[in-house]
Every structure is written in C-alpha cells, then in structure tokens.
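The values are calculated or read from the model by the stated rules, or taken from the named source; none is laboratory data. In this text the structure is predicted, and so the values were computed from the model without any measurement. Please note: Cβ atoms are built from the backbone with ideal geometry, for glycine as well, and neighbour counts cover all protein chains shown. Note: accessible area is taken over every heavy atom of the protein model, side chains too, but ligands, DNA and RNA are not part of it. Shrake-Rupley method; radii C 1.70, N 1.55, O 1.52, S 1.80 Å.
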Amino acid sequence: MSSLAEKDRPIVQLLLNAGTCPRCILRFCCVGSQMLYRHPHKDLMKDLEEFLKNSGEKEDPVCVDVADPPCKRIRLEHGDEGAGGVNHNGAIPQAPKADSGNAAAKSSAVKVCNVCLGILQEFCEADFVKKVCQKVNSADYQFTSFVFSVSLPPQLSVRERAAWLGLKQEMRNLGLPLAKDDIVQLKEAYKWIIHPQLSEELGVPADGKSLFEVSVVFAHPETDEECHFLATACPDCFKPAKNKQSVFTRMAVIKALEKIKEEDFLKHFPCPPSSPKKLCDALEIQCNNGAIFVAGRYNKYSRNLPQTPWIIDGERKLESSVEELISEHLMAEFKADSFNFSSSGREDVDVRTLGNGRPFAIELVNPRRIRFTAEEMKRLQQAINDSSDKIQVRDLQLVTRSAIGRMKEGEEEKTKTYSALIWTDKAIQREDIAFLDGIKELKLDQKTPLRVLHRRPLAVRSRLIHTMRAEYIDEHHFRLHLKTQAGTYIKEFVHGDFGRTKPNIGSLLNRTADILELDVESVDVDWPPTLAD
C-alpha cells in the first residue's frame, strides 16, 4: 500500500481493531489517491494486512506522489501535538506487532464499519450502482451529463469525531503522537468511488455544473438517537426550522461538534464508536432535471377568460384560463412535474389582448424531455393554437432563466396601448371630446383601486397618460385610444373609482363616464425575440 507511510502503521492497526473499514482507514490516514479508494474492498483489506506485516521491515516511510486533485478535508481536532509520527527522541515509535495479524483477521469479520455505517462498503459495489442506474433509466429523462449528490445521516459526523478521539486516546496510551492533519471527507471519498461507475453505466460524464441531478438519501435508524446528547450540551445549535422534520440536521450537528468540549464529548459517547448491527438504508434514489423555460407572446380574444385560474374561497369561477390553455400542452410535451407562469403585466377577465400579444414565460419544473428543435417548437405552438379559439400564441421558444428578467423589467418601464369603449350619461358631440387629442403627458394620481384592494397594498401611484385620441361614435359613446405608462389602471382612469383616480375622463368631460369594453392593443416590451413564420 504505497500511499501509506510507517507512521500510519499504529493508526491502521488501531482502527482495524475498532471495526473500521479499509476505505475509512485510508481517510483517517489522509490518503488522497482517488484510484486507491476504487480498489475492491477485499483487495484493500489484504493490502492493509500486508502493510501491517511488512511495515516494520522498512525504516523509511513509503509514500508516492499522486496526480489526483487536492481533496476536501474535515478538521476533527485542533490540538498542539508535535509533527505526526515523531517522538521526543526524534524516532518513529513502533506499535506492538503481536496483534497485527489478529487485528486484520478480526476486522475482516466485521460486517458494518463503525464509522461510515457501511456507505464505503456495500454502497460502493456494482450491484448498488446498477440499482441507481435502473432507477435513472426507468425515469425516462433526457440528459447529457449528471451531477451526483448524497445525503448522509448526521450521526456519521458524531461517529467520525468519536473514532478520532478514540484513536487519539489509544495513541497517547501507547506513547505515540498523532498528527493533527485533516481526514478526507466521507462524501468526497464516496464520489471518487461512485462517479466512474455511474458514468460508465449511464454512458455520460459526471459534471458538477450539470442540470441533471442523481441523488441518494441514506439513513440509519439504529443509530438515529446518537446525536441527541448534543442538544443537551449545545442547545443553541438545535432550533426548530420550517420544512425540517428534525432539529438534528447535518449542519446543526457539525456546529455542535465544533462547540462541545472534548471532555464533555467523551463523557457521553463511546470512543471509538461500536460497530452497528445493520447497514445504512438507501431511503431514496431520486432524479431531477433543472428547470426549462419557454417564452412567447399570447393574444386573448375572449372577454370571459382570466389570465390565471379564477378561484375564490376554493370555488372555481370559470372553467379555464390563458395559463392553463398554454401550459397543458407544454406540460405534456416536456413531461414536467409542475410549472410556474409569469407575464409582462396582466389583463382583467373581460379585457382582450390584441396586436402583437403579451410576453409570457413558463418555468417547467423537473422536465423529463429537454431537447426540442425549432421545428418541434413550431408544431407545439400550432397545437396550442388549434386547441382553442380563445387564445393564440406566437414566437414560442426556449429561453434561459436570466433572459426572463428582460420581460419583468418592462412591466414598469415600458408603455402600453389601449382601446376603450366609453359611455357618458350626458349627450356628447364631436367637439366635446376633441380636446382630449391635444392632451400630452397627463399625470394621474391613482389610489389602489377598490376592485384590487384585497390583493394589493393601499398606496397612491403616479402614472402618465402619454397620448389620447378620441373617436366619436354617437351621443353617448366614443372610443378612446390611449398610450400609457405601464401599470396604469385604465378602467379607473375612465370612471374615476369614486374619486380615487384624479383626474379622470369623467372629471375632464364634467359628466359621468364608464367603460364598456377594453382592449390591450400593444405591450411595448421587445421580448422574446420575434421568430420567422
């Protein structure tokens, strides 16, 4: 075992005696060779036996340089011991040799590692890798790479600390110093072993930036309560949090381990830890694809269709919505779990959206299918348009998350054009409304409308009517074309909302005015990019 030095001999022997698996022993000896961890469990055990038998024959430490990248480490102890492996005489002390063979024999009979609870044993084998890959393949995802994540039981951190303190005590009893180096993280060692196997089985590379995640959640019910003593010793570290089933999270346990004194830990937990009867359980094997974003523009031709589902007190008021008419097709094609709909502003249920339409974006959560050609997106757009005469969609395309920000910016900064059919109580002539054409940059003070006060905070908002053009129809009706600042309440500008919008069409004409129909004729947001027909 070329990555181990003579100074590691007592550490190897003591950990084997305690029931620690070969890979955890390599971690405690700070071995950073990824390839070494990938050797079969039985081969590693034989190598350690040979190391214990032969280590006394060489006086110089045997250690080779490894080309692997530097590994992450866990600092377990902050003592002031001298340089590892050297006593006060400057020589490397020798651990007793008599038990070295017995230690290896005993350890080979240990079923479950007392530190990793079997994660670096059974769960590194080909059978488990195949089980994970079967789960991935049966989920029918499209992916070109993967990122692997693992969730470990929090008590592993406790056991790791206990193993270290036990080792420290034994070394002190033998009169041997212990280097204060950091051990290799269990997660990192596990990924060193599992990544190449998953990559080979799935046929794609592991990539830390991949949007496709394969995750495994481990649990060990037999030792679940081993963290509980920390709550008494460090109560400030364990506070209830939303969406957490237990206060004993991994981060809380690590924080407590950093605070608890060594003597207090030794009073409450056996050092080294005992070997458990059972292996960890792989509770969940899950797959998740990063969200896909689809954008476009929609026209709404119905005066009886809300933008989003209209539900009041649990009761649905109308059978469909713009959101649902679009999303049901996207959900089916992308095979997503759920979606989030957003748009550049919104229109009321009785307002049409004409012209070049209103920009929208849909986030598709955990999609199974992620690759679509431009032609496939055109066919999907056509399927949406053929399904209903209430809406039409154009410029349907895949976009990035960051690009959606351009749509939201336009909500307050851009302009919108409307057409309103207005009724007046007193008769009007053409000359009565002609002056409206000459009004430019009319400033409004709009108190939150009564109709939206239940969902919007009470405030007075300043808005601009950039231009108006009146089109006479008859003595009581005219059509008003407006270009306004985004966010202007048009209905309230017409009827005044009991004086909450000033000025308003009623006050300008000195008569009661009301709005009969409203159309959005353009939303001047240059997004998403226009596509060729």
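The set of residues in the stretch 269-316 that are open to solvent by less than 40 Å² (accessible area, probe 1.4 Å) and in a loop (DSSP other than H, G, I, E, B) comprises PHE269, CYS271, PRO273, PRO276, CYS280, GLY290, ALA291, SER302, LEU305, PRO306, GLN307, THR308.
When you check LEU508 against the structure, is it closer than 21 Å to ASP348 by Cα and of a type outside the set (Ser, Thr, Tyr), yes or no? In short, no. Being open to solvent by less than 20 Å² (accessible area, probe 1.4 Å), in contact with a Cys (Cβ under 8 Å, 6 or more places away or on another chain), aliphatic (A, V, I, L, M) and farther than 17 Å from CYS116 by Cβ is a property that does not hold for ALA162. Listed by position, the strands (runs of 3 or more DSSP E) inside the stretch 317-433 whose residues that are within 31 Å of the chain's Cα centre (by Cα) and under 30 Å from GLN286 (Cα atoms) number at least 2 are 338-343, 352-365, 391-399. It is to be established whether one or more residues within the stretch 170-179 are touching a Cys at 6+ places or on another chain (Cβ under 9 Å) and open to solvent by less than 20 Å² (accessible area, probe 1.4 Å). The answer is no; no qualifying residue exists. For the structure I just gave you, tell me whether LEU482 is in contact (Cβ under 8 Å) with a residue 24 or more places away in the chain, open to solvent by 30 Å² or more (accessible area, probe 1.4 Å) and among the hydrophobic types (A, V, I, L, M, F, W, C). No, not satisfied.
With in contact (Cβ under 8 Å) with a residue 60 or more places away in the chain and within 21 Å of the chain's Cα centre (by Cα) as the only criterion, which of GLU201, GLU226, GLU213 stands out? First the steps, then the outcome.
Values: GLU201 fails: within 21 Å of the chain's Cα centre (by Cα); GLU226 fails: within 21 Å of the chain's Cα centre (by Cα).
Only one candidate qualifies: GLU213.
Say whether the condition of being among the hydrophobic types (A, V, I, L, M, F, W, C), under 24 Å from ASN299 (Cα atoms) and at pLDDT 95 or above is met by at least one residue in the stretch 466-481. Scanning the stretch 466-481 turns up at least one residue that is among the hydrophobic types (A, V, I, L, M, F, W, C), under 24 Å from ASN299 (Cα atoms) and at pLDDT 95 or above.
Could you check how many residues of the stretch 198-208 are open to solvent by 50 Å² or more (accessible area, probe 1.4 Å) and at pLDDT 95 or above? Talk me through it step by step, then tell me what you get.
Restricting attention to the stretch 198-208, the residues satisfying the condition of being open to solvent by 50 Å² or more (accessible area, probe 1.4 Å) are 200-201, 203, 205, 207-208.
Keeping just the survivors that are at pLDDT 95 or above gives 200-201, 203, 205, 207.
Result for the stretch 198-208: 5.
Would a scan of the stretch 301-320 turn up a residue that is small (Gly, Ala, Ser), under 18 Å from THR400 (Cα atoms) and in the same structural domain as ILE404 (by the TED database)? Within the stretch 301-320, none of the residues are small (Gly, Ala, Ser), under 18 Å from THR400 (Cα atoms) and in the same structural domain as ILE404 (by the TED database).
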